[in-house]
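Where a number appears in this text, it was derived from the coordinates with a stated rule and is not lab data. These numbers come from a predicted model, not from an experiment. In this analysis, Cβ positions are derived from the backbone assuming ideal geometry, glycine residues included, and neighbour counts consider all displayed protein chains.
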Amino acid sequence: MLELIGKGSKLTGEMGTKLTAVILGHDVKDHAKELVGYGAQKVIVVDNSQLKEFQVDTYLGALTQLTQQQKPELFLIGSTRRGKELAARLAARLKVGCVPDCLELKVDDQGRLVTERIVYGGNAIVTQVFRTKPQIATIPRRRFEKPEYKAESQGEIIDVTDISLEPPKAEIVEIKPIEVAETKIEEARVVIGGGRGLEKKEDFKILDELAKILGGQVGYTRPLAEDRKWFTEWVGLSGHAISPELYIACGISGVIQHVAGIRDSKIVVAINTDPEAPIMEMADYIVVGDLYEVIPAFSEALRKLLASA
Amino acid sequence: MVRILVCVKQAIDVSQLKVDSATRRLITVDAPKKISDFDKNALEEAIRIKEKLGGEVFTVTVGPEDAKTTLREALAMGADKAYSMSDPIFENSDTLATSYILAETIKKIGPFDLILCGEASIDSFSAQVGPRLAEQLAIPLITYARRLNLEGDAVTAERGLEDCSQTMKVKMPALVTVTKEINEPRIPSLMAIMKASKKEIVMWKAADLNVASGKVGENGSAVQVLDVLAPKMERKKIVIKGESAKETAEKLAKALVQEGVVGR
């Protein structure tokens, strides 16, 4: 997640400090130079065969020692499930605060690091500051900008070998890779969202068609994944949070948890038979109508319009 | 015989929360409260383990005095013993302080073979109390479990990560946080509710635990809340309407081209 370096560079500029990146793993030294190119002023490399696989217990022990040695002002970690567990446990070991899933991180006029995150199922944003250091925060994928690569960037690369690595308490019995969509939905410029208004899984082909024309991806709401078991992922607060240029909500009522996941979309279109659906309050363009009629007609209209352009 | 502890939180029912649109403040007074959803999954899982292997299910909450009602519900579902940690000095505890209070409670009523928590609470959703508690107790942890199995002195759990699903095995005592997918929590029968109403809920205050007052409540918290506000919703809300679906669709397509989000 290169956004960590992008956001980290901005914050260290505001804080008047330096950006250090940490790489743990095995045979990872080549990555250090790359991180310098992206803007890390210092890269700490812990290269050890015991770190070949991500074992949270072992990584946590190493990071705790590094943090105690380096005493950073702020430790940024990616908001994946692994990252969030790591961040919470690191904070517990150091007896400090941790703010997960930050939508915003900035230095205020008093020099404090101010964080913002979603709470109450999307109903509110809480603004918090830390009372302890290091300040630990996690950031969601794609929330902040990726840094530019500059081959001429200079930085210090430090190999750290005096770290004691503990064997993991947990044994990984089995790993089953899951099919991850080639392009992550977070990266899509256009997302077509389908909700309970779609009666059958096969009906998604009309959304697929629209997505194809717009060069976008199709997303789903949680009930389609959890209740109907049609899919394994969803868009929303507890799933993927997206910020495309265009989000088209088809047959989606717009419960607050879903809305929280699409809030940062530039333009939102809502297509729904119910004019009172909460999604209408959240949309730039509202079509009250049956998605089974509107979407094929919309695809056709776009096809003509794009062909003539 | 397994001794299981389930940590539950009385959370604001976020689906029923209202916002004052003028001030963007949440109306939390009288907002309905309930057991946080995933904590209910943790309870259900504990009760299923007890039904299968025998044992005892304890449940604990840290919160205001009325969080008792949450424990009543847990007892009705099938928990055997309930503990409420409630004291004015616990108010506004963050995850650091809350996990400390829980750890001190466990030192007094434990030890437990297995501690279960929900993956996160529905209101603050920070997913920290479980992992922090495991660290305080220095026991193994598995997060985001969607399947759980106890065998001998080991617990095996399957968890879904972004790129894979992992099956992890740890020795008990251990702490596991569970997701919604793990089970469908039961709805207690009227009989069970009535039986539960007679069970005792142990109400403890700070003085009953070995807690340092500087480590709980606002004083003991590492994160300070400055403000809680509803997000701004500024959308255009333009209704597109034509004589037919075809005309509506054409109008919509044109509008989106004008916005510059289509046709590049």
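Brief remarks follow.
- Lys, Arg +1 and Asp, Glu -1 on Cβ, resulting dipole of chain A about Cα centre, debye, nearest 20: 700
- The largest-to-smallest principal axis extents of the Cα set in the range A:1-119 are 44, 31, 25 Å.
- Comparing B:VAL57, B:VAL29, B:VAL211 in a Gaussian network model of chain B, where Cα atoms under 10 Å apart are tied by springs, the biggest mean-square fluctuation is seen for B:VAL29.
- Max mean-square fluctuation residue, GNM over chain B, Cα-Cα springs under 10 Å, options B:ARG48, B:ARG159, B:ARG235: B:ARG235
- The distance between label points at B:GLU91 and B:SER15 comes to 3.1 nm (points 7 Å beyond Cα on the Cα→Cβ vector).
- With the convex hull constructed from alpha-carbon coordinates only, chain B shows a mean projected area of 20.1 nm² over all directions.
- Selected from A:TYR247, A:GLY289, A:THR273, residue furthest toward positive end of dipole (the range A:185-308; charges at beta carbon): A:TYR247
- Positive minus negative residues near A:LEU86 (Lys, Arg vs Asp, Glu; Cβ under 11 Å): +3
- The modelled label-to-label distance between A:LYS184 and A:GLU53, using points 7 Å beyond Cα along the C-beta direction, is 2.3 nm.
- Unit charges on C-beta of K, R, D, E only; dipole of the range B:172-264, Debye: 240
- Counted by neighbouring Cβ atoms within 10 Å, the residues A:HIS31, A:HIS258 run from fewest to most as A:HIS31, A:HIS258.
- Gyration tensor (Cα) of the range A:196-252, equivalent ellipsoid semi-axes in angstrom: 17, 15, 9
- Computed FRET value (nearest 0.05) for A:ARG112 with B:LYS241, which takes r as the C-beta separation and R₀ as 41 Å: 0.25
- Dimensionless Rg over Rh [the range B:219-264; C-alpha; Kirkwood]: 1.43
- Local electrostatic count, B:LYS33, Cβ distance below 12 Å [Lys/Arg +1, Asp/Glu -1]: -2
- Most mobile listed residue (B:ILE182, B:ILE142, B:ILE27) in chain B, GNM with C-alpha springs under 10 Å: B:ILE27
- Estimated translational D of the range B:64-133 in µm²/s (Stokes, Kirkwood radius over Cα pairs; 37 °C; 0.692 mPa s): 246
- Taking the average, over residues, of other Cβ atoms within 10 Å as the packing measure, peptides B:78-87, A:295-304, A:248-257 rank A:248-257, B:78-87, A:295-304 from highest down.
- Pairs with C-alpha atoms separated by more than 21 Å, drawn from the list A:LYS10/A:LYS106; A:LYS133/B:LYS9; B:LYS81/B:LYS107; A:LYS266/B:LYS236; B:LYS171/B:LYS215; B:LYS52/B:LYS107, are A:LYS133/B:LYS9; B:LYS171/B:LYS215; B:LYS52/B:LYS107.
- Cα extents of the range A:185-308 along the three principal axes, largest first (Å): 41, 28, 27
- The range B:112-174: Cα Rg divided by the 2.2 N^0.38 Å rule of thumb: 1.12
- In terms of distances greater than 18 angstrom between alpha carbons, the cross-link table entries A:LYS201/B:LYS40; A:LYS229/B:LYS180; A:LYS200/A:LYS229; A:LYS201/B:LYS241; B:LYS18/B:LYS232; A:LYS146/A:LYS176 yield A:LYS201/B:LYS40; A:LYS201/B:LYS241; A:LYS146/A:LYS176.
- Rg(Cα)/(2.2 N^0.38 Å) for the range B:54-181, N = residue count: 1.06
- Cβ-placed point charges (K, R +1; D, E -1), dipole of the range A:17-135 about Cα centre in debye, nearest 20: 340
- Dividing the summed helix terms, -39500 (n - 2.57) for each DSSP H run of n ≥ 4, by the number of residues in chain B produces a 222 nm estimate of -9000 deg cm²/dmol to the nearest 500.
- Under 11 Å, Cβ to Cβ, from A:ARG131 - net charge with Lys/Arg +1 and Asp/Glu -1: 0
- With the charge dipole of the range B:188-237 set up from +1 on Lys and Arg Cβ and -1 on Asp and Glu Cβ about the Cα centre, the Cα lying farthest toward the positive end among the listed residues B:ALA192, B:TRP204, B:MET233 is that of B:MET233.
- C-alpha long axis of helix B:37-53 to longest principal axis of chain B, angle in °: 40
- If the Kirkwood radius is taken over C-alpha pairs of chain A, then at 10 °C and 1.306 mPa s the Stokes-Einstein diffusion coefficient equals 73 µm²/s.
- Cβ-derived FRET efficiency at R0 22 Å, B:VAL225 paired with B:ASP30, nearest 0.05: 0.55
- Angle in degrees between helix A:56-70 and the longest Cα principal axis of chain A, rounded to the nearest 10: 60
- Between helix A:291-308 and chain A: long-axis angle, C-alpha atoms, 0 to 90°, nearest 10: 80
- Distance histogram for the protein assembly as shown (every C-alpha pair counted, 10 angstrom bins, percent rounded to whole numbers): 3, 16, 25, 26, 19, 9, 2, 0
- Sequence-distant aspartates and glutamates (8 or more away, or on other chains) whose Cα lies within less than 13 Å of A:LYS84: A:ASP101, B:GLU119, B:GLU162
- The calculated FRET efficiency for A:LYS304 paired with B:GLU234, based on their beta-carbon distance and R0 = 22 Å, is about 0.10.
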